[in-house]
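Report on one structure; see the data block that follows.
The values are calculated or read from the model by the stated rules, or taken from the named source; none is laboratory data. What you see is a predicted model; the values in this text were computed from it and never measured. FYI the Cβ positions are ideal-geometry reconstructions off the backbone, even for glycines, and counts take in every protein chain you see.
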Amino acid sequence: MKKFKLFVLGAATLALLLLQIACSSSTTVSAPQSSGIVPVTPGNALLFSVLGEQARTVNGMAIEISVKFDEPFGIYDFGGTRRIYSGSNGLFSFEPPPSNTPATMFFRVVTLAGGVSDTLAINSIEYWEAIVATEADFVGVHQFDFSKTGQTTNLKLIVVNIRPGSELNSINLSSDGFISVAILATPSFDPASLNRSSLTLEGAAARIKSRSSNIGTFDDVDGDGDLDLVVQFPTADLELTEADTEAVLEATTLDGVLIQGVDAIIVVP
């Protein structure tokens, strides 16, 4: 089961775990099927779980979802709203666009009092690339913000490989060394487009080479003929605990787009 962790930040200290995904990475139909807000169907739909800080179901929040397909599939554009009540256990589901049909998915949160969060935008092709490639339980994180009504947060999901060549991806928090992360090139992403000075892995900034002042090196890590970017991060600066099972890499592109990549890890004392 894959997850996409979204958090909602309210006017006070409200923080909601919003989205849990259970999806099939083998979905490859040639044209959009009937998409929209549907009953919970584990295995091929996005399962939304809305919980508050105390892991209690949130009452009254509405999740607004819309999908805009690239042409020639624009006739399939749709939108819908689901309100969360305690009787529903905070669960509902949403069928995403097929894995080979380009579209943009939009999500935002609305309160009973009329508060509206920023809008999260995710490209469906990038979403499926991340889902298929990662062994982590989730593929991204977002915090909705009610002070940014009308603003859109474009989140580009990428594929990363923590400790390339290692199957366990173990991280020893007592180490004073470095963790290597490969940022993989895909059909929808070129690592050369990154603002490398913005790279972080769980709070740790990327290592800058003392002699060249460069961040990272390019190499074909996965043998597909494309150049991937390999970056190192100081282990001592990672904001991880022994309970963590994934690590999130974040950065921006040279034109300011937020990117995220997630990989599974094992934290050892």
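Summary table below
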| quantity | calculated |
| --- | --- |
| Residues located in the stretch 153-188, provided they are in a strand (DSSP E or B) and touching an Asp or Glu at 6+ places or on another chain (Cβ under 7 Å) | Thr153, Lys156, Leu157, Val160, Asn161, Ile162, Ala182, Ile183, Thr186 |
| Single residue of the stretch 63-77 satisfying the filter (hydrophobic (A, V, I, L, M, F, W, C) and buried (at least 16 other Cβ atoms within 10 Å of the Cβ)) that is modelled with the highest pLDDT | Phe69 |
| Flag for Glu242 being under 23 Å from His142 (Cα atoms), of a type outside the set (S, T, N, Q) and either part of a loop (DSSP other than H, G, I, E, B) or not assigned by TED's automatic domain parsing to the domain that holds Glu126 (or both) | yes |
| The stretch 221-256, residues that are exposed (fewer than 13 other Cβ atoms within 10 Å of the Cβ), under 14 Å from Pro164 (Cβ atoms) and either at pLDDT 95 or above or of a type in the set (Gly, Ala, Ser) (or both) | Gly223 |
| Counted residues, the stretch 189-229 - those being more than 17 Å from Ile265 (Cα to Cα), touching a residue at least 40 places away in the same chain (Cβ under 8 Å) and part of a strand (DSSP E or B) | 4 |
| Failed item, numbered, when Leu157 is tested on (1) hydrophobic (A, V, I, L, M, F, W, C); (2) at pLDDT below 95; (3) more than 30 Å from Pro102 (Cα to Cα) | (3) |
| Any hit, the stretch 89-98, residues being modelled with pLDDT of 80 or more and in contact with a helix residue (DSSP H, G or I) (Cβ under 9 Å, 6 or more places away or on another chain) | yes |
| Residues of the stretch 107-149 that turn out to be of a type outside the set (Asp, Glu), surrounded by fewer than 16 Cβ atoms within 10 Å (Cβ to Cβ) and in contact with an Asp or Glu (Cβ under 8 Å, 6 or more places away or on another chain), as a count | 2 |
| Residue within the stretch 151-165 that is of a type in the set (Val, Ile, Thr) and surrounded by fewer than 21 Cβ atoms within 10 Å (Cβ to Cβ) present | yes |
